[in-house]
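The structure appears below as structure tokens.
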Amino acid sequence: MKNILVIFGNSVIRNKLMILLTIAAAAFACFTFNGLSNADSEVFVDDDKITVGLVDNDKEISDDLKYYLENTLGMVVSENDYDSLSKDLIDRKISAIIEVPEGFYKSAAKGELKKPELTTLGDYENAAFIEVYLESYMRGISVISQAAGGDERLFSEMLESQNVPNEIISSETNQTADLQESAASAFSTTIGFLMMIISAITMIISKQIMDDGQFGTFDRMRCSSMKPIEYVLGIGIFGIICTTALNLIFTGFVFVTNENLVIPLGIAFLALELFLLFSVGISIMFGLCVKNPMTLMTVGVGYACIGSMLGGAWFPIEENLGAVSGIAKIFPQYWLMDLLRNYSPNWGMDILPSFSVLTLSVVLIFLISAVIFTRKKT
């Protein structure tokens with residue numbers, strides 16, 4: 001423990017710039033979220049309606065869904081096959097394609113919801129708006145499904161009866177959904193920028209480790225009682241405390257200033273914390289592997305920018321992108337953003353894959369760092 005504290009104290013003294021940059025990053029995140037979430041989010045403009053394509057593979061739910069999209073939300077719905085709508089999407093004639101899966105109606109009646117597929121192409125503002133309202137529709141279907149208790153006839157009657165009250169409460173529902181959409185979009189956008197900033201800031205830890213290797217610190221450790229794990233933990237704890245403080249400041253600010261975020265802040269905090277731990281771990285690995293300052297800067301900046309881009313920090317990575325979507329899943333950024341963008345109370349345990357991948361990434365990167373340092377020392 002004494003050796004860990006010595007390394008930790010040394011890291012604090014040598015990396016005051018990282019502490020200042022972390023505080024600045026927290027302030028930036030708070031101001032960015034506040035500005036984006038409080039921006040004018042009025043989306044119901046009569047002369048600028050959103051057009052969406054509807055592919056109904058079930059042939060039983062389309063009337064209700066079309067009613068919701070057209071009468072409640074004021075959208076224009078174009079119903080056709082997927083190939084035709086894909087061409088319209090590419091030509092920017094529609095903003096998104098909503099594909100109702102086969103067996104959706106019967107599954108919903110039995111209480112087993114199947115999530116409709118949403119396909120977009122670059123129109124991120126409208127895509128986020130459509131996604132929020134589609135999830136709102138699914139929450140309504142979930143309530144009806146649970147109330148029907150597996151009775152398909154009762155489910156059908158309750159589904160039809162929703163058309164009348166929807167007209168009455170649509171104004172209040174739209175306002176609430178607008179606020180939730182604005183908060184969700186602001187939060188995911190802020191986290192996207194924050195991931196890139198933190199990935200860059202933690203490279204300061206890499207510089208410290210690289211300097212220790214060049215200036216003979218590792219050689220002096222061979223003659224001491226310090227264990228490799230103690231050195232890694234000492235520097236790692238410093239990085240973890242810095243990034244955790246940032247996480248606490250940002251999520252605390254969101255908790256105090258905004259109550260419209262759909263995803264629980266506890267889940268968001270834990271997911272971001274896992275990514276921050278990974279950033280600290282990979283910065284330790286870079287410091288152990290790279291010997292040249294310019295190379296370290298190139299690797300660090302490349303990881304921060306390319307990792308954030310491929311991880312979907314600023315735009316969703318769709319499954320139909322082929323090899324790109326496969327490569328994206330290598331980066332923990334992808335799993336963090338996937339959790340934040342796709343979280344819904346209805347999907348329950350679906351958040352476990354993202355948390356599992358993030359946790360395994362953290363464990364793996366710290367184990368690799370410890371192994372590399374052990375080899376250097378021996």
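The values are calculated or read from the model by the stated rules, or taken from the named source; none is laboratory data. Given the structure is predicted, the values throughout are model-derived calculations rather than measurements. Methodologically, a virtual Cβ is constructed for each residue, glycine included, from the backbone with ideal geometry; neighbour enumeration extends over all protein chains shown.
What the table below lists for this structure:
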item	result
Residues located in the range 253-304, provided they are among the polar types (S, T, N, Q) and surrounded by fewer than 20 Cβ atoms within 10 Å (Cβ to Cβ)	T257, N258, N260, N292, T295, T298
Residues of the range 81-109 that turn out to be at pLDDT 85 or above, among the small types (G, A, S) and within 17 Å of L65 (Cα to Cα), as a count	1
Test result for S356, in a helix (DSSP H, G or I), modelled with pLDDT under 80 and of a type in the set (S, T, Y)	no
Number of the condition not met by K93 [criteria: (1) outside any loop (DSSP other than H, G, I, E, B); (2) over 28 Å from the mean Cα position of the chain (by Cα)]	(1)
Residue list for the range 269-305, restricted to those being in contact with a Leu (Cβ under 7 Å, 6 or more places away or on another chain) and either closer than 16 Å to M210 by Cα or not assigned by TED's automatic domain parsing to the domain that holds G236 (or both)	F286, V290
Odd one out for L73, checked against (1) at pLDDT 80 or above; (2) within 27 Å of N258 (Cβ to Cβ)	(1)
